[in-house]
There are 2 protein chains.
Amino acid sequence: MSKFEEIRKKYLRETREKLSKKDIGGELILQSFKSLKEVEQSINELCTKLREWYGYYYPELEHENKNNEEFVKKVLENPKRKISIGYELFKEKDVKQILIFAEQIQNLFNYKKKLEQYLDILIEESCPNTKVLAGSSITCLMLEQAGSLKNLMEMPSSTIQLLGAEKALFRHLKGEGKSPKFGFLYGHELVKRSKDKGKIAKLLADKISIAIKIDYFKGKFIGDKLRKEIEKKLTTNSKPQTKNHKSNYETYNK
Amino acid sequence: MSKFEEIRKKYLRETREKLSKKDIGGELILQSFKSLKEVEQSINELCTKLREWYGYYYPELEHENKNNEEFVKKVLENPKRKISIGYELFKEKDVKQILIFAEQIQNLFNYKKKLEQYLDILIEESCPNTKVLAGSSITCLMLEQAGSLKNLMEMPSSTIQLLGAEKALFRHLKGEGKSPKFGFLYGHELVKRSKDKGKIAKLLADKISIAIKIDYFKGKFIGDKLRKEIEKKLTTNSKPQTKNHKSNYETYNK
C-alpha cells in the first residue's frame, strides 16, 4: 500500500510542477476580458436603476443625458433644479443617498478604465503581433470564441476569418442565406473603410493566423512588417478596384 | 390661441404642483429596494469572475470558502500560497490586478450594508406599523409585488396573505394542486416557528392589512399593540393545539 501511495504522490507532484510551469498569458487575457465585460454589464444595470431613482427627483436631467457615464457625472455635480416636476418633498438625506449610489457607479467606471489598460498591457506582452494586426478588442473576442490561445493558434485562416459569424455560417450550411465573409473582423478599421470588405477580411485573417502562431511560440516581433504587407496590397489594388471590381478580386485570388 | 396657451400653462403648473406634493415614501422604499437587489446581483456575478480569476493563482483557497463575502476578504488578505497547483509564473503585477478587482467587490459589499441601513430607515419612516408586524424584507417584497403603497393598502387581507404565491394560486385555480396558504409570509419568524403555518399566516395578514392602512393615512403607531394581539392569540391557542389540532383551528375561525 505504501508503495502505491509513494507513486501516487510522485505523479501528483509532477503534475503540479507541469501545471505550474505552463504559460498563462492567454488565460490571463481571457479572464481579464471576461471580468471587464462583467464590470461593464454591472455598470449598465446599476445605471438603469440610478436613472429610475434620480428620475423621481429631477426627471428632466435624466432625459437630457443619454450617455451613462456623462449622466453619472452630471448627477454627482448635483445641479440645482429649476422648474421640475420632480417631487419637492425630497429631503436632503434622500438626495444624498442617490448621490452615494451614483458614486459607486463612478468608482466602477474608473475601475473599468484601469482594467482596460491592464488588459492592453497583457495583450502587448503575450500577443504583440496579433495586437498590431487585429487590435486589442478583436484579439480578445477571437480568443474568447476559440477558448484559448492554443485553440486559436491551431485554427486555419479561413476559420479565423469567420470567427464571430457562426450563426450566419451554420444558416448558410443549412442552405439558407449567403456564406458570411467576416465575423469579428467586421469591426476592424481596414474592413470598415474598404468597399470590398470580404477581400480585406480574408487578407487580414491570413496575416493574423501567422501572427498568432508567432505569438504562441514566442517568436520575434514582425507585426509591423505584416501590417505593411497588407497596406501595400490594399494600395496597389485600390486603383483597378474602383474601375472593375470583379476582375480585381479575381487577380487577388490567383 | 393665446387663451388656449394660457389655459394649457395653468393646467401644466397645477399638475406639476400636485405631483410635487405627493408623498414619495413608498416610491423611495421601492426604488431603494430595487437598487439594493441590483447591487446584490452585481456582487454575485463579479464574485463568480473573481473566483475564476483567482482560481488560476490559488485554486485551493477558492474551494475552501463558499461564502462570497468571506472569500473576498480572504483574497484581500493575500495569503502566502503553500503547496498549490496554481501557476507559479504569476507575476507580482498580475496578482495585484486580482486584488484590485477584489477591492471593487469589497467596496460594493460595504455599500450594500449602507443601502440596507438607509432602506431600514425609510421603512421606519413610512411604514412603522407594517415594519413591526412583517419585518423589513417582507414589507419590501410585498410592496414590490403590489407596485405601490396605495395598491398594497387597497388589498384585502386574503390577497396580502397570498402575495408571493401567485404561481401556486393560479395553478390551484386551474384545478391543479392545493390552494396556497402563504406567500412571502412563509419567511416570517412566527410562521417559521409554528406548526399550523396557514393559520398564523392568516392572522398575520389580517393585522398587516390594518397596519398598512394606518401607515398609508399617517395614523398613530399601534404596531406593538397589533403584534401583542397576535402573540396573545398564539399563546392562548397553543395548548389545545398540541392536543387537538383541528378543533383549535375551528375555534379560531368562529
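The values are calculated or read from the model by the stated rules, or taken from the named source; none is laboratory data. In this text the structure is predicted, and so the values were computed from the model without any measurement. Every residue, glycine as well, gets a Cβ built from its backbone with ideal geometry; the counts of neighbours run over all protein chains shown. With ligands, DNA and RNA removed, areas are computed over all heavy atoms of the protein, side chains included. Shrake-Rupley method; radii C 1.70, N 1.55, O 1.52, S 1.80 Å.
A few notes on this one:
- Residue in segment A:76-91 that is open to solvent by less than 70 Å² (accessible area, probe 1.4 Å) and modelled with pLDDT of 90 or more present: yes
- Exactly one residue among B:K167, B:K178, B:K96 is modelled with pLDDT under 95 and not assigned by TED's automatic domain parsing to the domain that holds B:L226, and that residue is B:K96.
- Looking at A:G219, A:G164, just one residue is small (G, A, S) and either within 18 Å of the chain's Cα centre (by Cα) or open to solvent by 60 Å² or more (accessible area, probe 1.4 Å) (or both), and that residue is A:G164.
- Against the numbered list (1) outside the structural domain of A:I29 (by TED's automatic domain parsing); (2) open to solvent by 10 Å² or more (accessible area, probe 1.4 Å), A:L143 comes up short only at (2).
- Answer residue from segment B:110-128, given it is open to solvent by 20 Å² or more (accessible area, probe 1.4 Å) and within 11 Å of chain A (Cβ to nearest Cβ) and is farthest from B:G26 (Cα to Cα) among those: B:N110
- Test for A:K228: is it over 18 Å from A:T139 (Cα atoms), in contact (Cβ under 8 Å) with a residue 24 or more places away in the chain and over 20 Å from the mean Cα position of the chain (by Cα): no
- Residue check for A:L122: outside any loop (DSSP other than H, G, I, E, B), in contact (Cβ under 8 Å) with a residue 12 or more places away in the chain and within 24 Å of A:E69 (Cα to Cα): no
- Positions within segment A:1-48 being among the aliphatic types (A, V, I, L, M) and modelled with pLDDT under 90, in sequence order: A:M1, A:L12, A:L19, A:I24
- B:I100 meets all of the listed conditions (1) among the hydrophobic types (A, V, I, L, M, F, W, C); (2) open to solvent by 10 Å² or more (accessible area, probe 1.4 Å); (3) in contact (Cβ under 8 Å) with a residue 40 or more places away in the chain but one, namely (3).
- Failed criterion for B:E70 (all others in (1) within 29 Å of the chain's Cα centre (by Cα); (2) surrounded by fewer than 15 Cβ atoms within 10 Å (Cβ to Cβ); (3) under 23 Å from A:T15 (Cα atoms) hold): (3)
- Test result for A:F33, of a type in the set (F, W, Y), open to solvent by less than 30 Å² (accessible area, probe 1.4 Å) and in contact with an Asp or Glu (Cβ under 7 Å, 6 or more places away or on another chain): yes
- Annotation note: of A:K73, A:K34, A:K22, the sole residue that is of a type in the set (K, R), at the interface with another protein chain (Cβ under 7 Å from one of its Cβ atoms) and part of a helix (DSSP H, G or I) is A:K34.
Every residue, every condition in (1) over 20 Å from B:G187 (Cβ atoms); (2) aliphatic (A, V, I, L, M), yes or no:
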| position | (1), (2) |
| --- | --- |
| B:N68 | yes, no |
| B:I100 | yes, yes |
| B:C127 | no, no |
| B:T130 | no, no |
| B:A134 | no, yes |
| B:P156 | yes, no |
| B:F170 | yes, no |
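- Taking segment B:41-67 as the range and being assigned to a helix (DSSP H, G or I), more than 20 Å from A:S32 (Cβ to Cβ) and either among the aliphatic types (A, V, I, L, M) or more than 9 Å from chain A (Cβ to nearest Cβ) (or both) as the test, the residues that pass are B:E60, B:H63, B:E64.
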